[in-house]
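J.: Have a look at this one.
The values are calculated or read from the model by the stated rules, or taken from the named source; none is laboratory data. It should be emphasised that the depicted structure is a prediction, and the values quoted were computed from it without experimental measurement. Using ideal geometry, Cβ is built from the backbone for each residue, glycine included, and neighbour counts are taken over all protein chains shown. Accessible surface areas use protein heavy atoms only, side chains included; no ligands, DNA or RNA. Shrake-Rupley method; radii C 1.70, N 1.55, O 1.52, S 1.80 Å.
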Amino acid sequence: MQNRTEKIILTIVIVIAIATFCYWLYYNPVKDLTVNLPGLDNRPSKGESADTMAVIGEKFKEYTTYTSSLTGKWPRFRGADIDNINKEKIKLIDNWGSSRPKILWKTDLGEGHAAPVIYNGKVYLLDYDERKKSDALRCFALENGIELWRRWYSVNLKRNHGMSRTLPAITDKYIVTIGPKCHVMCCNPTNGNLLWGIDLVKTYKVEVPLWYTGQCPLIVNDTAIIAVGGNALMIGVECASGKVVWKTPNPDNWKMSHSSIIPITFGGKKMYVYCAIGGIIGVSAEGIDKGEILWKTDKFKPSVCAPSPVIIGTGKLFITAGYGAGSAVIQLIKTDSTYSVNIIQQYRPSEGIASEQQTPILYNNFLFSIQPKDGGTARNQFVCCNPSNCKTILWTSSKADRYGLGPYIVADGKFFILNDDGTLIIAKASATKFTLLDKAKIMDGQDAWGPLAIADGYLLMRDSKQMVCIDIKTK
Amino acid sequence: MKQKLVIALSLILLIGVIFLIYNDLFNGNPADSTNATEYNLEKLKQIDSSLICYNEVITIDLTMESVNALTIDSNSNIYVAGDNEIQIFDKTLQKTHTIKLDSSANCLAVFDNTLYLGVGNYVEVYTSKGVKLSRWKSFNSKGYITSIAVNKTNVYAADAENKAILRYNLNGVLLNVIGKKDKDKSIDGFIIPSMYFDLAISAENELWVANPGKHELINFTEKGDFRTSWGIASMQTTGFAGCCNPIHFCMLSNGSFVTFEKGLDRIKLHDQTGKLECIVASFSDANAQALDNCSIGARVHDLATDLQGNIYALDAKDKKIRVFSRK
Amino acid sequence: MAEKKQYNRRDFINNSLRAGIAVSLAGITVALTTRALSGKSVWQLNPAKCVQCGRCATSCILETSAVKCVHVYDMCGYCDLCGGYLRPDTKELNTAAENQLCPTSAISRKYIEEPFFEYQIIEELCIGCGKCVKGCGAFGNGSLQLQINHKLCVNCNQCAIARVCPSEAFSLVSASDAYLYQGKKM
Amino acid sequence: MKNYLVKLILALILFIQAFNLYAVQRFPKPEFETKYSQPTMQTPCPRSVYMEYFDVAVLVASLSLITWLILKKRSRQGVFWTTIFSLLYFGFYRKGCICAVGSLQNVTMALFNPDYYIPITAIAFFIIPLVFTMFYGRTFCAGICPLGAIQDIFVLRPMPLKQWVQTILGLIPYIYLGLAVLYAATGTDFIVCRYDPFVGIFRHNGTFMMFAIGGVLLLIGVFVARPYCRFLCPYGVLLNFVSRVSKNHLSIAPGKCIECRLCENSCPFGAINKPTPTRNVEKRNVMVKRFAIYFVITPLLILLGGWTGSRFHENLAKVHPKVRLANELLLANNNKISSLSMEISTFKSMGKPLDKLYAEANIIIDKFYIGGWILGGFLGLVFGLTLVNLSVFQYRTDYTTNKGTCFSCARCVDFCPVKK
């Protein structure tokens, strides 16, 4: 019995040992392993998004031809003199009298705040076509609102405080636009022919600002001046050829803001002032050092900056920004051939005049603005101050007259203020008081933030979804 | 001789075995205390103390089993909904009275001495003294209202089941439904993985809604058109952590946002543009594991602010209101 | 004669002892059986008490634990950024190994439609460590839960995991209702 | 059973209230546009209860078979093959679970803890071998018990042990039994299962501890046959006792023993009683005297054992996880240990008050105080009885099996020349 058991056990052990050995020999330990790579979840690839494929200005359609005898011009953001004051000698109404304002024409737009420019009886606007998902430079007749032509290109956008928000800059020969995703386009304003296009994101590695581009281009001597960010802080592009004639380096890696470039002359030197995300900069506009940084400061650096700098004296600039940033007054100083910056005032929005979105107006040597929502007790009211001391507010419109983020413009010695719910206010304003002349609800819309444009007695205004034209000439 | 040796050795081995068992039974550790597959959030919960810009100044202990919602009126009275009642504290933090309810309110808002409660799928209206004024018709049977906000013209109720905001006028007439998924209008709809769906009205009367599944806060126009949004997904303090955050938020009078995220249990302050300003509080204390236990029901059940800018957090774990004041 | 007498006494003692034993065994049987007459009970862990200490993965007597993660789909948010699937702070939300939280890659992720994903537990790979459960509980709805899989569990007299469970989450439950996952339709 | 159900439902309700975070939680389903159907959750059913009844049936059948083989057929070979079968079925197929040895703890726990639900199979596995033993001796040990079966195969070079060694080592199972009952009764642990040496082999998996004990025991088993059965097995204590009074025990010779001495060294377990030479008979009065001494000493031993056992009740109680945790917390609160164990951190996270835990731990320690007395007293009794047993002179003329320790393995049968 014992022997037998032993034999059985021995045999079993040997058999098991041989079997195990063979198994071990032929076993492939990694045969069941799979590699976990991206894409096993079958998620469809997002594909090339439309904006990387955008061919700037690729499509064009002419609807009709039209000639106008009008010669009024509102050629860029804040007008020809970049002060937001219409200087035409046309008498404009003080009130609507017994009749309500008549809308001359209106047109539906893509959601946003892009505003028109007016040039010789034609209206130009860089719209966003939500249906075609494209930026469209549209040309309308000023008198009747008929669309004459449009030039467009595909850009994929999701609404974020609307989509469009820039104004073109126009001269006799050129119209330059910047799209929401930093596509610069230059066309012939008469026939809409495409001249050139630059994709700033592709070319300069620009980070598209929060809520998309807000900067309006500037044309000086047939050169388009564009603030960039990314690999260059500012560029000058020859309008005729599209060639970049000068380029400002960006040593501190400042970013594009919603503010626009303001040309100033100080100490006999022309320069471009720009409030970037990171600081304020002055760039030479002429001479051999054209395009070079003359001065810069990072003492005032809001995280979001929409208003543009306002010239309030010789070499004296008023800069403001929303979202708690407040305002600053800076004075340029020239010693020999170098420039430096002196901060005269800097304060929180509740302490003095400020603005979140619209650029204040310097009119008759007084500074006018609508206080931002964090502007203390005067929030959203129309206010005035003497630029020699921006912290002292001379008057406020009144608690009943709050205007939100709406635009305002001076024409014929009057302020035209658009409340962001679509109510147009006509007011007289001086250093001593605010006189409301009339107000009327023009549109039933939302977020009327796009700047106003006035030429030849026509006022163009928009809310988030449509643009209307009203005749404000005195009959 | 050999046999004796073998037996002796065997017996020694046997004694050894018994000793082994004895030792294991009385002196051994029951199990290894290290967890090879530990999932540790402590590192992410740790916050640079220089980022913390609020101090906890006071706490109010609540006598409730469950706490659901918190709001503060313009006179700094504090309203807490929980169990089947609402407890009201005045500005000296003394309890003034209690309103008994028929069932538990998930959320509440107060405007002009009128209380608006989200109860299940409908809204109930009470005076601040506790007189029931009305019960509004529910939008549909499956609704579940998780947050409510009122201004002088509208009542907005966030309905997590229907994934939409219900906009009523003050009389309870449904004006429209906001944010419902609609392909034709290219509205993506809210992504609401859990029953957290918060909204708030800013001092500027702007409607802000949390879209937790997309880690963003959305601003709508009064009528419900999309205006803007902000927010990114990130475990870092700059974004919102995990799969669905922020679950609660409220707004300060200057338009900045106070958000609470489950999972990492942190209250953060974002400026008006959504940029992180600082951290209000982080609940990464020694009892972190306890939080993990109850984190499915997040630690903070509601946030509120008063006119002075203090932040009130309704701590569901400790059943108290924690009040934070700016440093 | 004396010898025989002694023999008988012994017999008697034996018989009475046997009778005593028989009576006590019968007593035990009756006493216990009246209490045990109900099918069967099995070990199960209560996810509401579970703290995901990881011992389920290591303490089960089976080579890979009988404790597995189950996915209660009714509770799932189908998130793209899943706290149970992805490691915290991953940059990309995809199936790459470096992004997966599960140490054995036992969760599969399938695209349904933007932005929803289905997560399924590959039972053979799951070791029951509860890492995903913790991640899901911290950030998600807690739809991932640990449960003893009764196909695998040998239902020991004394569950070896129950012995070391720090949160007393293990208990015997009726075999007819052998799962204790949360979000059950009652 | 109704009681149990009610309790379960009550517990569930309490539980739901405790975690009403879960209760209020609702989950809005995503609104899928594509046709997506949610997979169903897989909740595989436990092994059917009928399969367990089948196990009981197999137990009864194999026990009957082996008993028949031992007592009627007297076939060692048959016993051997039944051993192999049991090893395969109860060992490797059922993975050593359910087993009669462990079931004694289930029974104990069920007797002391009315809330404990005992599977009917556990009762069956506990009772049936005892019933068989009561009538036919330890035929269960012969080849049905998988633990015995695996050792039996390794009985290759058995060497006889000295009687005194056997007697002393033979006390260990009583200690083990006492501890097993104590821990099962207090709901602490099933130590017999925890230190089951061969279950790791059956499951092809186990802790190092398990394999170490199992391997060492098998190695010892080559020379000292079935060491676990003889010197550890707590269930063996019960079988031993019942077997002593068994009705039809295996006898070496089928008929009259011819005292040929062939079987004398055949038993590897030292379970063959040799005939006693008459000259060793002591005088009756000496025997009575000694018996009287032991009769007095035994109660003293019981008292002494009980007292000693009660002295150690706190050490014994430390095995209980709650007591251990309370101890650790006490140390941690006194800053005596720096690193917090998982138990401590979990406990802290549960939010249970410390006092409550201490109170619960104290109740358990009190139980162990009583348990310590009983355990010590039991061991004292065993010690006393062993002494009495040594003093009792049994006059034998034939080679017989020791009914207590004999495993009825039928090895000796093959050596007996008497065939009828």
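J.: State which entries of A:Lys181/A:Lys316; A:Lys87/A:Lys433; C:Lys134/D:Lys352; A:Lys255/A:Lys433; B:Lys4/D:Lys289 exceed 28 angstrom in Cα-Cα distance in the structure shown. Kindly include the intermediate steps, with their values, before the conclusion.
T.: On the way: A:Lys181/A:Lys316 32 Å; A:Lys87/A:Lys433 22 Å; C:Lys134/D:Lys352 21 Å; A:Lys255/A:Lys433 39 Å; B:Lys4/D:Lys289 36 Å.
Exceeds cut-off: A:Lys181/A:Lys316; A:Lys255/A:Lys433; B:Lys4/D:Lys289.
J.: Computed FRET efficiency, Cβ-Cβ of A:Val208 and A:Ser98, R0 56 Å: what is it to the nearest 0.05?
T.: Details: r = 49 Å, r/R0 = 0.87.
The calculated FRET efficiency here is 0.70.
J.: Also: Report the FRET efficiency, 1/(1 + (r/R0)^6), for B:Ala8 and D:Tyr53, where r is their Cβ-Cβ distance and R0 is 60 Å, rounded to 0.05.
T.: On the way: r = 47 Å, r/R0 = 0.79.
Approximately 0.80, to the nearest 0.05.
J.: Please calculate the 1.4 Å probe accessible area of D:Met209, with all protein chains present, and give it to the nearest 10 Å².
T.: Result for D:Met209: roughly 40 Å² accessible.
J.: What three numbers, in Å, describe the spread of the alpha carbons of segment D:19-143 along their principal axes, ordered from the longest?
T.: If we take the Cα atoms of segment D:19-143, the spans are 76, 39, 18 Å.
J.: Continuing with this model, one more query. Averaged over A:33-44, how many beta carbons belonging to a partner chain fall within 10 Å of each residue's beta carbon? The partial results should precede the final answer.
T.: Working: counts 1, 2, 3, 10, 4, 8, 4, 8, 13, 6, 12, 3.
Per-residue shielding by partner chains comes out at 6.
J.: At 7 Å along Cα-to-Cβ for each site, give me the label-to-label distance between D:Arg261 and A:Leu33 in nm.
T.: 6.8 nm
J.: For chain D, how big is the tail of P(r) above 28 Å, as a whole percent of Cα pairs?
T.: Numbers: 52550 of 87990 pairs.
Value for chain D (Cα pairs over 28 Å): 60 percent.
J.: Return one whole number: the accessible area per residue of segment D:283-391 in Å², for a 1.4 Å probe. Write down the numbers at each step before the final one.
T.: Values: 6600 Å² over 109 residues.
Accessible area per residue: 61 Å².
J.: Oh, and also: Based on the alpha-carbon set only, what is the convex hull volume of the protein assembly as shown divided per residue, in Å³?
T.: Value for the protein assembly as shown: 226 Å³ per residue.
J.: Let me ask something else. With the full set of protein chains in place, find how many percent of the accessible area of segment A:59-471 is carbon and sulfur; take the probe as 1.4 Å.
T.: Ligands and nucleic acids excluded, carbon and sulfur give 48 percent.
J.: Same structure, new question: What is the sum of charges around A:Glu130, taking Lys and Arg as +1, Asp and Glu as -1, for the other residues whose C-beta is under 9 Å from the C-beta of A:Glu130?
T.: On the way: positive: A:Arg131, A:Lys132, A:Lys133, A:Arg159; negative: A:Glu111, A:Asp129.
Its environment carries a net charge of +2.
J.: Right, here's the next one. How do D:348-354, A:61-67 rank on mean C-beta neighbours within 10 Å, highest first?
T.: Values: D:348-354: 14.1, A:61-67: 11.3.
Those peptides, ordered most packed to least, come out D:348-354, A:61-67.
J.: Here's something else I'd like to know. Write down the accessible area per residue of chain B in Å², having rolled a 1.4 Å probe over the full set of protein chains.
T.: 40 Å²
J.: Still on this structure, please answer the following. Kindly state, to the nearest 0.05, the FRET efficiency for D:Asn362 paired with A:Ile16, given R0 = 60 Å and r defined as their beta-carbon distance. Walk me through the numbers before you get to the answer.
T.: On the way: r = 54 Å, r/R0 = 0.90.
The calculated FRET efficiency here is 0.65.
J.: Now for a different question. If you take the accessible area of A alone, add that of B alone, and subtract the area of the pair, what total do you get in Å², probe 1.4 Å, to the nearest 100? Don't jump to the answer; show the numbers that get you there.
T.: Working: alone 21340 and 16820 Å², together 36640 Å².
Interface area, both chains combined: 1500 Å², rounded to the nearest 100.
J.: Ok, one more. For segment D:283-391, state the average projected area of the convex hull of the C-alpha atoms over all orientations, rounded to one decimal in nm². The partial results should precede the final answer.
T.: Working: hull surface 33.7 nm².
Directional mean of the projected Cα hull area for segment D:283-391 stands at 8.4 nm².
J.: Computed on protein heavy atoms with a 1.4 Å probe, what is the summed buried accessible area for the chain pair C and D, in Å² to the nearest 100? Can you show the working numbers first?
T.: On the way: alone 12060 and 25060 Å², together 31170 Å².
When C and D are taken together, about 6000 Å² of accessible area is lost.
J.: P(r) tail for segment B:41-326, what percent of Cα pairs lie past 35 Å? Could the numbers behind the result be given before it?
T.: Details: 4304 of 40755 pairs.
Value for segment B:41-326: 11 percent of Cα pairs lie more than 35 Å apart.
J.: What is the sum of charges around B:Leu252, taking Lys and Arg as +1, Asp and Glu as -1, for the other residues whose C-beta is under 11 Å from the C-beta of B:Leu252? Before the final figure, lay out each step's value.
T.: Working: positive: B:Arg326; negative: A:Asp374, B:Asp271, B:Glu277, B:Asp306.
After counting each charged neighbour, the total is -3.
J.: Using θ = phi - 60° and the Karplus curve 6.51 cos²θ - 1.76 cosθ + 1.60, what whole-Hz ³J(HN,Hα) does each residue of segment B:14-24 get, with Gly and Pro shown as x?
T.: Going residue by residue, I get 4, 4, x, 4, 5, 5, 4, 5, 4, 5, 5 Hz, with x marking Gly and Pro.
J.: Subtracting the Cα-Cα distance from 0.36 nm times the residue separation, let me have the gained length for C:Thr33 to C:Ser176 in nm, one decimal. Intermediate values should be presented prior to the final figure.
T.: On the way: separation 143, 0.36 × 143 = 51.48 nm, distance 1.88 nm.
Extra length available between C:Thr33 and C:Ser176 comes to 49.6 nm.
J.: Right, here's the next one. Under a plain spin-label model, where a point goes 7 Å from the Cα along Cα-to-Cβ, how far apart in nm are D:Tyr395 and A:Asp108?
T.: Rounded to a tenth, the inter-label distance reads 12.4 nm.
J.: Accessible area per residue, 1.4 Å probe, Å², for chain C: what's the number?
T.: On the way: 7560 Å² over 186 residues.
Spelled out: the 1.4 Å probe surface of chain C, per residue, equals 41 Å².
J.: Per the 1.4 Å probe, what fraction of the accessible area of segment B:1-96, in percent, lies on carbon and sulfur atoms?
T.: That fraction is 54 percent.
J.: How big is the dipole moment of chain B about its Cα centre under a simple scheme where the beta carbon of each Lys and Arg is +1, that of each Asp and Glu is -1, and everything else is neutral? Debye, nearest 20, please.
T.: Values: 33 positive and 36 negative charges, 81 e Å.
I would put it at about 380 debye.
J.: Be a star and scan segment A:221-241 for residues whose amide nitrogen sits under 17 Å from the point 7 Å along the Cα-to-Cβ vector of A:Ala80.
T.: Backbone N within reach: A:221-222.
J.: A further question follows. Of all alpha-carbon pairs in chain C, indicate the percentage at a distance above 25 angstrom.
T.: Values: 8395 of 17205 pairs.
Result: 49 percent of Cα pairs exceed 25 Å.
J.: Projected onto the charge dipole of the protein assembly as shown (+1 at Lys/Arg Cβ, -1 at Asp/Glu Cβ, origin at the Cα centre), which of B:Thr37, A:Ala448, D:Thr167 gives the Cα projection farthest towards the positive end?
T.: D:Thr167
J.: Determine the total buried accessible area between chain B and chain C, counting protein heavy atoms only with a 1.4 Å probe; round to the nearest 100 Å².
T.: Details: alone 16820 and 12060 Å², together 26420 Å².
Rounded to the nearest hundred, the buried surface is 2500 Å².
J.: Now for a separate question. Longer than 32 Å from Cα to Cα, which of A:Lys132/A:Lys202; B:Lys180/B:Lys319; A:Lys102/A:Lys399; B:Lys43/B:Lys214 are they? Say none if no pair is.
T.: Working: A:Lys132/A:Lys202 22 Å; B:Lys180/B:Lys319 35 Å; A:Lys102/A:Lys399 29 Å; B:Lys43/B:Lys214 24 Å.
Going by Cα-Cα distance, B:Lys180/B:Lys319 fall outside the 32 Å limit.
J.: Cα-based Rg (one decimal) and Dmax (whole number) for chain A, in Å?
T.: 30.2, 131
J.: Can you pull the one-decimal nm distance between simple spin-label points at B:Leu276 and B:Arg326, each 7 Å off the Cα toward Cβ?
T.: So the two model labels end up 2.0 nm from each other.
J.: Something else: Considering only C:Leu45, C:Pro88, C:Ala162, whose Cα is most displaced toward the positive end of the charge dipole of segment C:41-177, charges sitting on Cβ of Lys, Arg (+1) and Asp, Glu (-1)?
T.: Farthest along the dipole direction, towards plus: C:Ala162.
J.: Here is a further query. Lys and Arg at +1, Asp and Glu at -1: add these up for the other residues within a Cβ distance under 14 Å of A:Ile470 and post the number. Don't skip to the answer; put the middle values down first.
T.: Values: positive: A:Arg100, A:Lys102, A:Lys106, A:Lys439, A:Lys441, A:Arg462, A:Lys473, A:Lys475; negative: A:Glu143, A:Asp438, A:Asp456, A:Asp463, A:Asp471.
Overall, the nearby charge balance is +3.
J.: Report the semi-axes of the equivalent ellipsoid for segment A:1-159 in whole Å, largest first, where each axis is √(5λ) for an eigenvalue λ of the Cα gyration tensor.
T.: Values: eigenvalues 1441, 58, 36 Å².
Over the Cα atoms of segment A:1-159, the semi-axes work out to 85, 17, 13 Å.
J.: I'd like the carbon and sulfur percentage of the solvent accessible area for chain C, probe radius 1.4 Å, heavy atoms only, ligands and nucleic acids excluded. Could the numbers behind the result be given before it?
T.: On the way: 4260 of 7560 Å².
C and S fraction of accessible area: 56 percent.
J.: Explain nothing, just compute: Karplus ³J(HN,Hα) = 6.51 cos²θ - 1.76 cosθ + 1.60, θ = phi - 60°, for every residue of segment D:115-126 in order, whole Hz, x for Gly and Pro.
T.: Computed from phi, the couplings for segment D:115-126 are 7, 6, 8, 9, x, 5, 5, 5, 4, 4, 5, 7 Hz.
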